[in-house]
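Down below is the structure, laid out as structure tokens.
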Amino acid sequence: MCSPVSISLFLLTLQTLTVLSPIQAIIVDVPSGKVKCLTEDLRKGTLSYAQYRVVNASASHLTISSRVSDPNGDTMHQLESVESGQFSFEVGTTGRHTACFWSPQFELAASVSVDVEWKLGFRARNPHDVTGKGKLEAMGMELKKLEDSIKLIYDEMIFLRDREADAQRLNEETASKMSSLSLLSLAICLGVASLQLWHLKTFFQSKKIL
């Protein structure tokens, strides 16, 4: 059986890889008149960068509209009737972030394919930000990426520790409630048994058996 330490290390590795690795580019097929959404559960402080573009449309004039919202439903990015776009932000609220795409022009049986690449963590820095910079600045950027990755790993460790503490507190509360419930059940059983004995005793006395 796996120990809690092994499970925690596995979860830490899995979550760290999830945060540090970019989401692979995917193709989203958006039928005309419908909305297709991508969701990602992000923690506060995580860097996010995405770019998208129309790669195939059933009609040459079809474009795409997009909207990105945070867990509270607030709009973080929105574009209308474009062939490509991008968005980047630092997560301010932990929770599910949603990116939705739709075609503003409605045509029966028409559809638009959108190529979406969504990156997280230190890989989410906009690559255009470093274009034209010298080797020294490029090295500085690499060091900054390394610093960001270390910070993300540290944040994951703190997150796991807090979640483990919450789970332990929940287990203790559950155990306490179960103990109270067991004592209550025992008391009820003893009360019912005593009532049955009293009833039988009263019945036999009334029949003058005892």
Worksheet, complete the sentence: Stretched fully, the stretch from Ile188 through Thr93 gains (0.36 nm per residue minus C-alpha distance, one decimal, in nm) 29.4 nm
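Report the gain in length on full extension from Lys36 to Lys201: 0.36 nm times residue separation, minus Cα-Cα distance, nm rounded to one decimal.
Numbers: separation 165, 0.36 × 165 = 59.40 nm, distance 7.36 nm.
Stretched fully, the Lys36-Lys201 segment lengthens by 52.0 nm.
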Discussion item. List the pairs from Lys119/Lys144; Lys44/Lys145; Lys177/Lys201; Lys36/Lys144; Lys36/Lys145 whose alpha-carbon separation is above 26 Å, in the order I gave them.
Written reply: Lys177/Lys201; Lys36/Lys144; Lys36/Lys145
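Just so you know, all these numbers are worked out from the coordinates, no wet-lab data involved. The model shown is predicted, which means the values in this text are computed figures rather than measured ones.
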